[in-house]
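Worksheet for the structure shown next.
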Amino acid sequence: MIKKIFYTCKTNRKGFTIIELMIATATFSVILVIITFSVNFFLTKYYQSLTTINTQNNLISVMNNINQSIKFSLQDPSYTLPSITNPVGYLCTSSDEYVFYINRPIFQGSSTTNTSGIIQYPIPQNTCLSPSSISALNGKQLLGNNLRPVYFNMSTLSNNLYNIAIGIAYTGNVSSGIGNSLLCSPKIIPSYSGGCSSTAGNLTDSEYIQYASSIGCKPTPISQFCYVSTLHATLAMRIN
């Protein structure tokens, strides 16, 4: 009796066929691929959100820096706006000079850090210099890596009150050369050079100045990221 039961159990033992193993492996592989893509997607979105916040914070920091310099300036600020013939602007107070190199990005290892981004130079009182003269001095870069100024505008409301607008853009690893291709202006016909079609050509230096207030980003794939942040403020100089 015992032998019979043992024999029955032994002959009824079943295993997996090759087809079943292949189906199970394929199913597991599909699930693994879906999980991998999902994790990569959410990580990419997380880092893009983090970059957006960092870009905004960098711009706020620049504006606060300028606000303090204007507030305690011992003389009326002077400024020169970027133009088509010279895409460099500057703002000068009694203690600091700020130079805006429009569309000149900052990236690690660059040999042109003194002619790119937004640079603050401490200067003696009443010695505001032109950007070409001051670039040889020791200044402080106010923008982080892969950021570039795309807009600088300023106007005088009264003797002690000023409107200022600054725009900066993040375009990923600009050392790879793709940064310019991600920026556009919606005021240009989309398919034209500088337009916001994904196949449109790059903005020219003159178009960066002409359409500065409207610079934005083209539609980009998930592997690339572009973000433009603009800040407008009314700054007051303390009455001495």
Positive minus negative residues near residue 99 (Lys, Arg vs Asp, Glu; Cβ under 14 Å): +1
FRET efficiency estimate (nearest 0.05) - Cβ-Cβ, residue 198 to residue 53, R0 22 angstrom: 0.30
Taking the convex hull of the alpha-carbon atoms of segment 36-236 and averaging its shadow over every direction gives an area in square nanometres of 11.9
Obtain the nm distance between the two label points defined at residue 36 and residue 165 by a simple spin-label model: each point lies 7 Å from its Cα along the Cα-to-C-beta direction. 4.7
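Between residue 86 and residue 233, how high is the FRET efficiency from 1/(1 + (r/R0)^6) when r is the Cβ-Cβ distance and R₀ = 25 Å? Nearest 0.05. Working shown, then result.
Details: r = 24 Å, r/R0 = 0.98.
Given R0 = 25 Å and the Cβ-Cβ separation, E is 0.55.
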To one decimal place, what Kirkwood hydrodynamic radius in Å is obtained for segment 36-83 from all pairs of distinct Cα atoms? 13.9
Report the local net charge at residue 119: Lys and Arg +1, Asp and Glu -1, summed over other residues whose C-beta lies under 9 Å from its C-beta. 0
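All of the numbers you see were taken from the coordinates with simple rules; none came from a lab. Values in this document were obtained by computation on a predicted structure and should not be read as measured data. Please note: Cβ atoms are built from the backbone with ideal geometry, for glycine as well, and neighbour counts cover all protein chains shown.
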